[in-house]
Amino acid sequence: MLGNQARNSMQPIKFLTFYEQWHKYRLQDEWLQRSVTQVLGTSLSDDAKANIMRYKDGPDGWAARGEALHGVVESFLKGQELVYAERWADWVDPLIGCDLFKDCEVIATEYRLCDKRKSLGGSFDFLIKRSNGEIVLGDVKTVSSQSAARRRKPAKEQLGAYAAMLWDHHPVLPIDKCVTVVSAPNECKVIEQGVDDCLEAWVDSWDKYQFMLEDW
């Protein structure tokens, strides 16, 4: 476990609240109109959306898997006891054994962010400082198989959104690298991305989203 490395040293954004039951964000007295997930979801085809929903529910669906493994990562980085169903053990062991997390200092986990101008909210999975001094912003994605892990693309747009909002609220905090941690049974794959590439991908996605709103 990480013990005294688990500092979570970054202060929350004032007056920003996340309501998990509705997956909505509120800043002071104002509900934010959208989340990062919602913005990126609008670019999916109807077939892709249907396929996502087909495998969402049930004890082995991606929603239960994602919730369990995100909880494991958060608990592990905080140095807390890991609690999870046995069916996720094949995912957990390689995930917590990932080299990315070795001897790191935890800056924040499950951190809530917002962009008031865009009426946008979002939450990143972790921000850590590695033993080599790199500050790494990360997102965890879970998949059902090793073949799915090989096909999984990096979450560039999502990480770019988080990086942009982080710089709005914490402008002196450097981010050296973005990573997508892909968790599969008996495998954990880390995909590295440059911060500028992620920011550019997010700007492109936001522009497309704006164009779609104009068309509606």
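Quick notes on this structure:
- Selection within region 144-180: residues that are outside any helix (DSSP H, G or I), of a type in the set (A, V, I, L, M) and open to solvent by 20 Å² or more (accessible area, probe 1.4 Å). The member of this set that is nearest to SER131 (Cα to Cα) is LEU173.
- Residues that are polar (S, T, N, Q) and open to solvent by 50 Å² or more (accessible area, probe 1.4 Å), drawn from region 9-41: SER9, GLN11, THR17, GLN21, GLN28, GLN33, THR37, GLN38
- Cβ separations smaller than 7 Å between residues 6+ apart or across chains give the following pairs from region 202-216 residues that are at pLDDT below 85 to residues that are open to solvent by less than 70 Å² (accessible area, probe 1.4 Å): MET212/THR42.
- Of all residues in region 96-123, those satisfying the criterion of being aliphatic (A, V, I, L, M) and assigned to a strand (DSSP E or B) are VAL106, ILE107, ALA108, LEU113, LEU120.
- Residue check, VAL72 β-branched (Val, Ile, Thr), touching a helix residue (DSSP H, G or I) at 6+ places or on another chain (Cβ under 9 Å) and assigned to a helix (DSSP H, G or I): yes
- Tabulated pairs, region 127-139, first touching a residue at least 24 places away in the same chain (Cβ under 8 Å), second open to solvent by 60 Å² or more (accessible area, probe 1.4 Å) and among the acidic types (Asp, Glu), C-beta under 7 angstrom, 6+ apart or interchain: SER131/ASP103; GLU134/ASP176; ILE135/ASP176; VAL136/ASP176
The values are calculated or read from the model by the stated rules, or taken from the named source; none is laboratory data. Values in this document were obtained by computation on a predicted structure and should not be read as measured data. Ideal geometry is used to build each Cβ from the backbone, glycine not excepted, and the neighbour counts take in all protein chains shown. Protein only, heavy atoms only, side chains kept; ligands, DNA and RNA dropped before computing areas. Shrake-Rupley method; radii C 1.70, N 1.55, O 1.52, S 1.80 Å.
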